[in-house]
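What follows draws every value from the coordinates through simple rules; no lab data is involved. From a predicted model like this one, the values you see are computed outputs, not experimental measurements. As a convention, Cβ positions derive from the backbone with ideal geometry for all residues, glycine included, and neighbour counts pool all protein chains shown.
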Amino acid sequence: MAFERFTESGKGFKPKISIRPAGTIGLNDSALKRFGLDAFKFVALYFDTETGKIAIGGVSEEEPGAQRLNFGVKGASISAKRFLDYHDLGVRSTTQFECHFDDTLKLVILDKEIKKKEKRTAIESTTSAST
């Protein structure tokens, strides 16, 4: 019998991508390594208006729209506020999404639709600002 010792404690193995209210997109270590994004310093962000899904692909720095991939201890993040604002997307609290790699498109695709920001009326805006 040949047992293999498990040494990867403290890390998740399911690739996940998070979107935070401040406009950053976070990728866990599993998503980076499994989909090969750890080999890139820059990524491009894509949005499909029909499905409401976001996709991420590794690119070179010179490509139009290249966003820096900021590596940390447990993954990486992308400053995506302009991208999210441009498409009128957002979350009220940090939201995690499962994702998969599309071999044909060579993109990491979030498996769930991202909702458009809720429109607030002028009355709601002034009421919340005065409280």
For n ≥ 4 DSSP H runs only, could you compute -39500 (n - 2.57) per run for the chain, divide by its residues and tell me the 222 nm figure to the nearest 500?
-4000 deg cm²/dmol
Candidates VAL59, VAL73, VAL108: whichever shows maximal mean-square fluctuation once the chain is modelled as a Gaussian network with Cα springs under 10 Å:
VAL73
Quick note, segment 16-118: a/c under 1.5 would make it rounded; otherwise a/b > b/c is prolate and the rest oblate (a ≥ b ≥ c, C-alpha gyration tensor); here it is rounded
Among ALA44, ILE56, GLY90, whose Cα lies farthest out toward the positive end of the dipole of segment 1-94, if unit charges sit on the beta carbon of Lys, Arg (+1) and Asp, Glu (-1)?
GLY90
Running a GNM on the chain with Cα contacts under 10 Å, which residue among ARG68, ARG82, ARG20 ends up with the highest mean-square fluctuation?
ARG82
Going toward the positive end of the dipole of the chain, with +1 on Lys and Arg Cβ and -1 on Asp and Glu Cβ, which of SER79, PRO21, LEU32 do you reach last?
PRO21
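Using the crude model of +1 on Lys and Arg Cβ and -1 on Asp and Glu Cβ, and no other charge, please compute the dipole size for segment 16-118 relative to its Cα centre, in debye to 20.
Roughly 460 debye, rounded to the nearest 20.
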Which lysines have a Cα less than 20 Å from the Cα of LYS116, not counting those fewer than 8 places away in the same chain?
LYS53, LYS81
